[in-house]
Every structure is written in C-alpha cells, then in structure tokens.
Amino acid sequence: SFFFQLVWLGLNVFLFWWYYLVYDVPPKFFYTRVLLGRALALARAPAACLNFNCMLILLPVCRNLLSFLRGSSACCSTRVRRQLDRNLTFHKMVAWMIALHTAIHTIAHLFNVEWSVQARVEEEGTLAAVLSSLGDKANESYINFYRKTIGNPVGGLYVAFTYLAGLTGVIITLALILIITSSTKTIRRSYFEVFWYTHHLFVIFFIGLVIHGAGRIVRGQTAESLAEHNPEICYKNFTHWGKKGACPIPQFSGNPPMTWKWVVGPMFLYLCERLVRFWRSQQKVVITKVVIHPFKTIELQMMKKGFKMEVGQYIFVQCPAVSKLEWHPFTLTSAPEEDYFSIHVRIVGDWTEGLFNVCGCDKQEFQEAWKLPKIAVDGPFGTASEDVFSYETVMLVGAGIGVTPFASVLKSVWYKYCHDATNLKLKKIYFYWLCRDTHAFEWFADLLQSLEAQMQERNNAEFLSYNIYLTGWDESQATHFVVHHEEEKDVITGLKQKTLYGRPNWENEFKTIAGHHPGSRIGVFLCGPEGLADTLNKQSISNSEADPRGVHFIFNKENF
C-alpha cells in the first residue's frame, strides 16, 4: 500500500514539474510569460495533475469492476486484493489531491486574469500593451484572450462570468467544495442524505471539466511563426514589428483541450458501471421475513433469483417507499449456504427510521407479507472478509454493529462444520467483539450459542475462541454483574464464555496468539472505527517477524 501511494505521489510530482517546465522554458510561451509571468506555469502544472487525478477518481468507485477483479484469481493475488479493498481510502486521497491542485490552479488563474485585463488597458509603449493589442487588426492573431477595454475589478468579473473557462471554472470549483465539505465523517454519519445528493454533483463537475478548456484562452506562438520570429531576439525591437527588415508580427494559437483524453476512459467505465447497477436494481427482490431485534436493530431476510454471495460481502439497498434515489450499503449477515440473504439494519437516521416504519416495525400487530415494501438490491460486492478462509488462523474484531460481516463468516463456518469440516483450511478463529451496550449482544448471542454447542459436540471446542468486551456500563449494571458472576452461563449473553469488561490489551493478545502459532500467516480482520484500525495495524506490523519463516499478521479492514 505504501509503495502504491509512493508511486502515485511520484507521478503527481513528475507531472507538476514536467508541465511547469513545458510552460516556463520553451520560446513558444515566451510572450505569454511576458503578460502573465510565472503564474502561467503555476496554473498549467496543477491542471495536468488535475487531469491525472480526475482520471483516477472514478475507478475506485466502480464497484462491479473491482468485484470482478477481486474474484479473478488469474489477475488478483491476495496482496493485490488487499490493495483493492482500500479503494475508498485511495478515492479520498485522490479527492484531496484534486482539492489541492484546484486551489493552486485557481489562485494562479486569478493572477492571470488580473494581469491579462491590466495589460489590455495599459498605456501604449510597453511590450505588454503591444502584445495585448495584437488581434485588433486584420491578419493578426491575438495572444491576450481578454478583448474588452474595461479595467479591473469589473474586467475580472466579466471574465469569470461570461467566458466559458471562467464560468465553468466557477461552477466546478463550487461543485467540488460542496462535494468535499459534505463528505466529512460527521455529515456522512448524521446526514447521509446530504452526502448522497451533493456527491452526485460529480456529474456537473465532469461536464464542466471536459468543456473547461474549449475556449483555448491559454495561447502560444505557432511553430510557423517561431521559424521566422525568434521571441528571445525580437522582443527587443517590438516597436518595429512588421516593418521592412524587422521581425514579422508574431502569430498565436490556443492550446487544444486535453482533459477529455484523460477522463473519457474512466467516464465510459463508470457509465457501464451505472448501467449494470440499474439493470440489477430492476430485478425482483422479495422480503421473506422481518425480525425485530433489541437495541433498535431489524433483520431483513430476502430472496432474489440468481443471487450468489460469499462471506463478508455487502449490498446496496434502495427502498422506493422511503426514497427513490438513495442507496445505502449493508453487510450481508447470512451465509452462502442459506437459501436467503439477510442484512441487519440499526435505526440511526431518517432513512433507516423510514425503513423501520414502512416494514411495519412500529406497529404491534402482525404484518402481512404482501404489505411489505418493494426493495431494490445492487450487489453483492467483495470485501476483505472474503479472504477469511484463505488463512489457517484468523483474528476477527468487530466493534458494535461492525460485527455484522462476521455473522456471515461464523454462520458459514457452522454450516461447513455441520457438513464437511475436513476440506476447511481454517483451523482456528479468535473472535473479539467490543460493544458499549448490553442490549447490543442479544441478537448475536444465538449464533454464538449454536457455534459453541456445535464445536463441543464435535470435541473441537478450541476451534473458536471468542471474547466479548462490554466497554460501557453504569453502577446498577455493575452490581448486577457481580451478583451473578459465579453462575455457569454469562448474565449478559447466556454463553459459557464470560463477558469481559473494559477494552482488550491488544499487545498481550497479539503476543499470545503469535506464541500459539509460530511460523503462521495470521489474518487480522476488522470492521470498526479508524482509531481501532490504527491500533490493530500497528500491532500487526510490530508483532510480525522479519524472518519470512516467522509469524506474520496480515491486517485487513472493511471499507464501504
């Protein structure tokens, strides 16, 4: 991952430097530099980087393409799949790089516009004034795109709102600001609808981006003119241009738009992606069962013709009765062996509240199946959890509702053990669940109880080692826990394994597991917050041995 990021950063630096020199050194733009100075190169260099990053920004969100690549063993090793699983992280990095280059590009062009307007109204007798007047007469081509004689600040505003480059620049910059500001974690979590709608301004952004350079306002001397008019010599005698025995009047042309060449490929791929999503969303989905779990969580069990899934995958769900435009991602909690697929939805916002109500969960009486709302599903899409069965030993860490991918994994393990455990590469699971509220354990406890009983029945209780941590409790709860601590089954979960209080000492956990499995590759899978991801990633690195034959922890995180 670090190497990949380094290559990407290196390409950005190379493109910036290369295009800076292209506009700052060659004689083609000598007279353009007389008008605009270094701001010309400082505008064009980030423009090249913007083209490069706008080419990349759509690729990480082509979910069907990534799932196809992920499932193709011919081109995807485990290492490559782990890079594909970081698609959204890369998407965000590219977005911030676009923001940086947009800022540089915009500031440089503000100076360019000011100096272009100023040169047009400057007193005669200077080189800048002579260059700006070119194009006023027949058989002359202009270099200064601003042809009015109105000075600043009115002239600058005129360029910004009447020229194609100025108007599209304003529009795509505003679109980018709205997209980025509405993509913060707070907005995504609390006001997902705002994030969803503003993110679709990318359509306006790309349309504006493609036509932004069509006005060809950045102009340079033509090759034919350079052959007979050397600007590095002729600029000294600019008052005699065109006269007999002197340098001819220089001729200029605009740079052809190049952005479309960079982005047309990714835009076509993304269009195909949206068509595939639309086609799949039209396929009929039937809700077979709605289960209300404690702690404001509902389970939707569904069926769809031809639906095939792997453990830990996720789907996007749309409910037209709640919103005709919004699609929300949910991890599949069913196992591939089951004849239905299911998701668990925690009620935390307007959309999930609406889904809760249209499913009749707010009513006391039994809801008829035909009254259940229409649901559209896109997916499933691959995630890191698909690789669980590629390891002999795994650590599964879920925080709160982040346990959902592992419900699918553990169910699938249970089914495989029921039928044929001999072909199962996975030999040991260390499962950790961190949760703040005691009610959150209830919907998951039944699954763990089934697994616990199954492993004991087959005399393989050591296969699954699980630790449930309660990270929040009040004084009355603590008293209740103490009173019932000696009972055979845990007072919270009903499991034989007692609930632990507080947070795990991850360093001790990693060292203990490393001691039990020397020379192994151990998969570490997390669905949880960034802070915990940083901790587990650091522990995975620090507890992996330098010797290739030693123990290695491979960290994987869910991203969607």
- Item | Loop-located chymotrypsin sites (Phe, Trp or Tyr not before Pro) in segment 278-386 whose Cβ has at most 14 other Cβ within 10 Å (DSSP) | PHE366
- Quick one: which residues, 5 or more positions from VAL218 or on another chain, have an amide H under 5 Å from its amide H? H modelled 1.01 Å from N in the peptide plane, none for Pro or chain starts. ASN255
- Message: Counting other C-beta atoms within 10 Å, and keeping those with at most 15, which DSSP coil trypsin sites (Lys or Arg not before Pro) do you find in segment 318-367?
- Response: LYS324, LYS363
- Task: Distance between Cα centroids, segment 526-560 to segment 10-64: provide it in whole Å.
- Result: 37 Å
- Residue-wise HN-Hα coupling along segment 342-359, computed from phi with Karplus coefficients 6.51, -1.76, 1.60 (Hz; x: Gly, Pro): 9, 10, 10, 10, 8, 7, 10, x, 4, 5, 5, 5, x, 4, 4, 6, 5, 7
- Message: Rolling a 1.4 angstrom probe over the protein chains, ignoring ligands and nucleic acids, what is the accessible area of ARG147 in square angstrom, nearest 10?
- Response: 70 Å²
- Query: Over the chain, how many percent of alpha carbon pairs lie in each 10 Å bin up to the one with the longest distance?
  - Reply: 3, 14, 21, 19, 14, 10, 8, 6, 3, 1, 0
- Farthest toward the dipole's positive end in the chain, which of ALA95, THR383, HIS344, given Cβ charges of +1 (Lys, Arg) and -1 (Asp, Glu) about the Cα centre? ALA95
- Can you tell me the 0 to 90 degree angle between the C-alpha axis of helix 2-24 and the longest principal axis of the chain, rounded to 10? 10 degrees
- With r defined as the distance between the Cβ atoms of SER190 and HIS516 and R0 fixed at 60 Å, what FRET efficiency is calculated, to the nearest 0.05? 0.90
- Go through segment 526-533 residue by residue and turn each phi into a ³J(HN,Hα) via Karplus (6.51, -1.76, 1.60, θ = phi - 60°); whole Hz please, and just put x for glycine and proline. 10, 10, x, x, 4, x, 5, 4
- Let me have the 222 nm mean residue ellipticity of the chain computed from DSSP H runs of 4+ only, each contributing -39500 (n - 2.57), with the sum over all residues rounded to the nearest 500. -15000 deg cm²/dmol
- Item | Segment CYS272-ALA321, length gained on full extension (0.36 nm per residue, minus Cα span) | 15.0 nm
- Message: Heavy atoms of the protein only, probe of 1.4 Å, neighbouring chains included. What is the accessible area of ILE292 in Å², nearest 10?
- Response: 100 Å²
- Would you kindly give the portion of the calculated P(r) for segment 197-247 that falls above 15 Å, as a percent of all Cα pairs? 66 percent
- Using unit Cβ charges (K, R positive; D, E negative) and no other charged atoms, how large, in debye to the nearest 20, is the dipole of segment 283-381 about its Cα centre? 260 debye
- Query: P(r) tail for segment 164-214, what percent of Cα pairs lie past 17 Å?
  - Reply: 37 percent
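The values are calculated or read from the model by the stated rules, or taken from the named source; none is laboratory data. These figures come from a predicted structure and were not determined experimentally. Virtual Cβ from ideal backbone geometry, glycine too; neighbours counted across all protein chains shown. The accessibility values were calculated without ligands, DNA or RNA, using every heavy atom of the protein model including side chains. Shrake-Rupley method; radii C 1.70, N 1.55, O 1.52, S 1.80 Å.
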